[in-house]
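Bear in mind these aren't lab numbers, they're just calculated from the coordinates by the rules spelled out. No experiment lies behind these values; they were computed from the predicted model shown. With ideal geometry, Cβ positions are generated from the backbone for all residues, glycine too; neighbour counts draw on all protein chains shown.
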């Protein structure tokens, strides 16, 4: 755990109660004198360090030690345009994409997206918050949604498409936006729409699930 989110971070004293108290004192077994990091949810670039001053049966009192701007983010941006899939599939890999440093995910309703699948942004943000506290990332991943691929390309004309093709993704320094299809891939109509875009694949003979492709491509580009 690199830090905890607390909306009172920055005050001279913090009082931990409830789940935060249980996690820090009961699970992590921190004691008086230990130093912990905290960030605010809305202004998360500043890291506040607190010293545990007192512990009783149900709460702990912490005193502010320092406050420094300490941004933690990937060295380059990556925007994933992801054709809508089951939210369970997204949730499995969202912590991985967050740790890798993906900047933004835009969900796109593609021809083969099941229309009953709706991104659960509240749950996604809870997952992100937990992941950020564990990996130390200070900038929250952003989410967006568009009605179709045509709208996404209009907004992001530099998009590189991940699909079946001959060209293997090699040097990725210039890629900042990628498009990944839903389960079943892109339709022929969508491929025709994307004929002007650069299309690449990963160097594997296996068929990748949508969430596997998202993780693999993010790793290839960002690491």
### Task
Could you state the angle between the C-alpha long axis of helix 87-100 and the longest principal axis of the C-alpha atoms of the chain, as a value from 0 to 90 degrees rounded to the nearest 10?
70 degrees
## Note on the structure
Helix 210-222 sits off the longest principal axis of the Cα atoms of the chain, rounded to the nearest 10 on a 0 to 90 degree scale, by 70 degrees
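Give the calculated FRET efficiency between residue 43 and residue 144 to the nearest 0.05, with a Förster radius of 25 Å applied to their Cβ-Cβ distance.
0.70
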## Note on the structure
For log10 I(q)/I(0) by the Debye sum over Cα atoms at q = 0.09, 0.13 Å⁻¹ the list reads [x] -0.46, -0.78; [y] -0.40, -0.81; [z] -0.34, -0.73; the calculated value is entry [x]
## Note on the structure
Taking a ≥ b ≥ c as the square roots of the Cα gyration tensor eigenvalues, with a/c under 1.5 meaning rounded and otherwise prolate when a/b beats b/c or oblate if not, region 151-191 comes out oblate
### Query
Can you give the calculated 222 nm mean residue ellipticity of the chain, where each DSSP H run of n ≥ 4 adds -39,500 (n - 2.57) and the sum is split over every residue, rounded to the nearest 500 deg cm²/dmol?
-7500 deg cm²/dmol
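From Cα pairs below 8 angstrom and at least 6 apart in sequence, can you work out the relative contact order of region 4-69, rounded to a whole percent?
Relative contact order comes out at 38 percent.
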### Query
If contacts are Cα pairs under 8 angstrom and at least 6 residues apart, what is the relative contact order of region 79-222 in percent?
32 percent
### Query
Gap in Å between the Cα centre of region 77-141 and the Cα centre of region 18-44?
26 Å
### Task
List the relative contact order of region 64-156 as a percent without decimals, with contacts defined as Cα pairs under 8 Å and 6+ residues apart.
36 percent
### Task
Please give the residues of region 1-41, grouped as numeric ranges, whose backbone N is less than 16 Å from a label point set 7 Å along the Cα-to-Cβ vector of residue 70.
1-6, 9-11, 34-41
#### Entry: Burial ordering of 153, 32, fewest other beta-carbon atoms within 10 Å first
32, 153
### Message
Order these by the 10 Å Cβ neighbour count, fewest first: 182, 66, 131.
### Response
66, 131, 182
